[in-house]
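**Student:** Here it is: the structure, laid out below.
Derivation of every value follows stated rules applied to the coordinates shown; laboratory data play no part. Computed from a predicted model, the values in this text were never measured in an experiment. Cβ: placed from backbone, ideal geometry, glycine included. Neighbour counts: every protein chain shown.
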């Protein structure tokens, strides 16, 4: 495959408004969408705003929507599109636009701060932690998360429902709760808070989050559904229910 | 006059990678109020890209490991130019720093008895790298990010404000340090989002800004690596050392061109992967340098035996220190035995089972599949050297991280000395933890000891904001910042790269002079709101200054050692071993001041540490006069 001229449409604007702008740009073999955005910057629009860091799929900074699908710009090869196809790049829809492709993702940092931190047993000394590989693997899968926020962006609970943002932490932070709940040495009980404080009940397991995850984490199957089961065991187990009635904490 | 937002803190940490965050944790735990300022979003720093692991002699995989052996490996890796006190502190304290991460919630891979698993790596005698698959850096940054959140939660519980003691200022770039007399008084920067200026008034600043790789075309580094800390320190009167030593990681991707330079972890070789040339030969056996003769396996059988059992054979030369492997690959390609795209082959597919590859090297599998359409469980990878790490950096006191400017501290990649002329893989993550903590400690002690806080002078702020805004002015012959950057990268890559020559370095210096003139005319379009062209124009100042340090020091050092290879001076020279080339800046152009390079010698190693090595090994590196205190001689 040789070089060709691609038609790109990029959303330009800020919080007051904006629109799609057309660019014709050279594309070479093996290039990813971020390369093309950089070429537009270097040759046609020096002030085109885009957030990126590693360009290797490890930092999760360059999240945007490509032809309407939430993706990392650095991990989407131009060869996935037909040479004659116009490729449209727009900012993440669930977060407020700052400028061009850069959005205000502070919602995620706010939610991160609300999840109670890892709580080890009080008397366990550094160096004395013992865990089996099979036991850490469950939480390790969730710790592969690069915080690109694509799952947060795509989840329909908040994507078109700003009003749910208060009560719903989103897949990334519900997965964080699950990660800590499954940590072999965490002593905090996180089941009630998952439901009551972070809105686990809003999730109706459509797996959109899993589909867009660039790390291929099975967010729904391995984090959210097991967490829902743990909550259900607590809430609807008749023995636990009776215990709670009799010995109200 | 330009509007400037103001904040007052005890300590300002610039950079939110591993070193910066560990410094923040330390200063906060000592009761100080800390601002952490980062060019990116919180949790995106370059540390996420560290793959293989974090070196610490915890003895989990081999009980014979000790801090002394880790120390000795580090010195050997750096060809004995390292600051030995830093190497000593690093080896002694790394295990505690790793165990501490578990108390913050880190989940490392485990041994069968439930302890932290440790893997083999280049230059390390024993399996020593705590790791999480091949995404160890991500685990470390996320762990410290979450520790900072937990400290903020404590502060919120106590004081009703998450940000009472730690505040993260993200997407904020510092353009200048501000001094009161010779002491640090604060730091001035701008928010990338709005382009508005912000002044941090603080008696102590910790620089933790990472490296300089974005001055080179083929690099494993992210856009942030523009040498900001190095340049800020120079302009604040501090000195840099070892700037000629740049690590070219032997295994970067080479194809497709657009991903050239992206890192392929040394963990591939640690887990049994081998380098081969176009003839299918495992060529590393031909490249064991004389100083390492006897320490490495000489046949394929012995190398493979070592992978199974460290104690029954010598280590594989595929895991020689990175400088050696990078040069070997370079030589094979030059000799015409390279791969189609100018690299060599790295084979893991024929070495370990498919499932093991996917389990131990998931991000490598993923990276090659998605970016190069290569399935590493079936086919060989094509790899070649990529600019990865700068050994050189801000000259600091080993125990406190203090730079030569009072109130200025540095840790991690932007500091110099610890790794000598070449860093061992795995010693970077441990460096961050050990010296991040020490810089946080040093800065806290300094602030507490102050009788009177330094004051920020207004004219310094005005001068800095004016300079930062100059790319918006009209210039007679406007220059595009992206063009200047590309020219700098090409020049440094071609002329001050992995193999250097006097005339080429001179040509690079001429090019730098030209770019220093042209940078005055850099002109950007658009406004101050999130304008990448403007951001790059400001970063160019730092890249040019730091590149000049690299080139000038490379020109002066007329020997080859570690990350500095001179084609015209191919031998290592014992008389150069103890000489540090110290860079300082001052005078000349205010945008990119002049650099001077002065040779200075470092303190001799303590006799008890000399005793960690056999005399016969040291004789390969040291002059005879330097070894009179070695225990084998003095007894």
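**Student:** Shielding of B:522-534 by partners, i.e. mean partner chain Cβ atoms within 10 Å per residue?
**Tutor:** Numbers: counts 0, 1, 2, 3, 6, 3, 1, 8, 11, 6, 14, 7, 2.
Mean partner-chain Cβ count within 10 Å for B:522-534: 5.
**Student:** Distance between Cα centroids, the stretch A:46-82 to the stretch B:73-143: provide it in whole Å.
**Tutor:** 32
**Student:** Assign one of three labels to the stretch A:147-230, namely rounded, prolate or oblate, based on the Cα gyration tensor with a ≥ b ≥ c the square roots of its eigenvalues; rounded applies when a/c is under 1.5, prolate when it is not and a/b is larger than b/c, and oblate otherwise.
**Tutor:** On the way: a/c = 1.90, a/b = 1.29, b/c = 1.48.
Cα axes put the stretch A:147-230 in the oblate bin.
**Student:** Then there is this: Take each of the peptides B:71-81, B:170-180, A:21-31, average the number of other beta-carbon atoms within 10 Å over its residues, and list them starting from the highest. Write out the running numbers ahead of the final one.
**Tutor:** Values: B:71-81: 25.0, B:170-180: 21.9, A:21-31: 16.8.
Most protected by this proxy first, the peptides run B:71-81, B:170-180, A:21-31.
**Student:** Evaluate the distance, in nm, between pseudo-label points positioned 7 Å from the Cα of residue B:463 and of residue A:106 along their respective Cα→Cβ axes.
**Tutor:** Modelled inter-label distance: 3.4 nm.
**Student:** If you count, for every residue in A:126-136, the Cβ atoms of partner chains within 10 Å of its Cβ, what is the mean?
**Tutor:** On the way: counts 10, 10, 4, 11, 6, 7, 5, 7, 1, 3, 6.
Partner Cβ neighbours, averaged per residue: 6.
**Student:** Quick one: compute a quarter of the convex hull surface over the Cα atoms of the stretch B:224-351 and quote it in nm². Before the final figure, lay out each step's value.
**Tutor:** On the way: hull surface 41.6 nm².
Its Cα hull, projected and averaged over all orientations, spans 10.4 nm².
**Student:** While we're on this one: Working out 0.36 nm times the residue gap between residue B:281 and residue B:6, then minus their Cα-Cα distance, what length gain in nm do you get to one decimal? Don't skip to the end; give the middle numbers.
**Tutor:** On the way: separation 275, 0.36 × 275 = 99.00 nm, distance 6.19 nm.
Between residue B:281 and residue B:6, full extension yields an extra 92.8 nm.
**Student:** Here's a follow-up. Please state the Cα pair-distance histogram of the stretch B:18-121 with 5 angstrom bins from zero: what percent is in each bin?
**Tutor:** Once binned at 5 Å, the Cα pair distances of the stretch B:18-121 give 2, 10, 16, 20, 20, 16, 11, 5, 1.
**Student:** To continue, here is another question. Using the count of nearby Cβ atoms within 10 Å as a rough guide to exposure, how do B:293, A:122 rank from fewest to most?
**Tutor:** Details: B:293 10, A:122 6.
Arranged by neighbour count, lowest to highest, B:293, A:122 become A:122, B:293.
**Student:** Right, next: Between residue B:632 and residue A:161, with labels modelled 7 Å along Cα→Cβ, what's the label distance in nm to one decimal, could you check?
**Tutor:** So the two model labels end up 7.5 nm from each other.
**Student:** To the nearest 0.05, how large is the calculated FRET efficiency for residue A:218 and residue B:111 if R₀ is 41 Å and r is the Cβ-Cβ distance? Intermediate results must be reported in sequence, preceding the final value.
**Tutor:** Values: r = 26 Å, r/R0 = 0.65.
The calculated FRET efficiency here is 0.95.
**Student:** For chain B, how big is Rg over Rh, using alpha carbon atoms and the Kirkwood form of Rh?
**Tutor:** Working: Rg = 23.6 Å, Rh = 24.7 Å.
With Rg and the Kirkwood Rh in hand, the quotient comes to 0.95.
**Student:** By its C-alpha gyration tensor, with a ≥ b ≥ c as the square roots of the eigenvalues, how is the stretch B:417-492 shaped: rounded for a/c under 1.5, else prolate for a/b larger than b/c, else oblate?
**Tutor:** Because a/c hits 1.5 or more and a/b fails to exceed b/c, the stretch B:417-492 counts as oblate.
**Student:** Another question about this same structure. Divide, for chain A, the radius of gyration over alpha carbons by 2.2 N^0.38 Å, where N is the residue count. Don't skip to the end; give the middle numbers.
**Tutor:** Working: Rg = 21.5 Å, N = 249, 2.2 N^0.38 = 17.9 Å.
Dividing the Cα Rg of chain A by 2.2 N^0.38 Å gives 1.20.
**Student:** Among B:495-507, B:247-259, A:231-243, B:276-288, what's the highest-first ranking by average C-beta atoms within 10 angstrom per residue? It would help to have the intermediate numbers written out before the result.
**Tutor:** Numbers: B:495-507: 18.6, B:247-259: 24.6, A:231-243: 11.8, B:276-288: 16.8.
Peptide ranking by packing, descending: B:247-259, B:495-507, B:276-288, A:231-243.
**Student:** Sort B:336-343, B:212-219 by packing, meaning the average of other beta carbons within 10 Å per residue, with the highest value first. Can you show the working numbers first?
**Tutor:** On the way: B:336-343: 15.6, B:212-219: 25.8.
By packing density, highest mean first, the sequence is B:212-219, B:336-343.
**Student:** Pull out a ≥ b ≥ c, the square roots of the eigenvalues of the alpha-carbon gyration tensor of the protein assembly as shown, then state rounded if a/c is under 1.5, prolate if not and a/b is larger than b/c, and oblate in the remaining case.
**Tutor:** Details: a/c = 1.29, a/b = 1.15, b/c = 1.13.
Rounded shape, in that the Cα axes give a/c under 1.5.
**Student:** Follow-up. Can you give the average number of partner chain beta-carbon atoms within 10 Å of each beta-carbon in peptide B:145-154, as a whole number? If you can, show how the numbers build up before the last one.
**Tutor:** Details: counts 3, 7, 2, 2, 7, 6, 1, 2, 5, 1.
That average works out to 4.
**Student:** Where the Cα atoms of the stretch A:198-249 are projected onto their three principal axes, how long is each span, largest first, in whole Å?
**Tutor:** So the extents along the principal axes, rounded to whole Å, are 47, 16, 16.
**Student:** Same structure again: Given the -39500 (n - 2.57) contribution per DSSP H run of 4+ residues, what per-residue ellipticity at 222 nm results for chain B, rounded to the nearest 500 deg cm²/dmol?
**Tutor:** Calculated from helices alone, the mean residue ellipticity at 222 nm is -11000 deg cm²/dmol.
**Student:** Suppose the Debye formula is applied to equal point scatterers at every Cα of the stretch B:265-423; what is log10 I(q)/I(0) at q = 0.16 Å⁻¹?
**Tutor:** Relative scattering, expressed as log10 I(q)/I(0), comes to -0.97.
**Student:** To the nearest 0.05, how large is the calculated FRET efficiency for residue B:355 and residue B:290 if R₀ is 35 Å and r is the Cβ-Cβ distance?
**Tutor:** Approximately 0.30, to the nearest 0.05.
**Student:** Evaluate the Debye formula for the stretch B:196-288 with equal point scatterers sitting on the alpha carbons, no solvent, and hand back log10 of I(q)/I(0) at q = 0.17, 0.24 Å⁻¹, in q order, two decimals.
**Tutor:** Here log10 of I(q) over I(0) equals -0.94, -1.31.
**Student:** Please compute the length gained on full extension between residue A:189 and residue A:247, using 0.36 nm multiplied by the number of residues separating them and subtracting their Cα-Cα distance.
**Tutor:** Numbers: separation 58, 0.36 × 58 = 20.88 nm, distance 1.72 nm.
Answer, rounded to one decimal: 19.2 nm.
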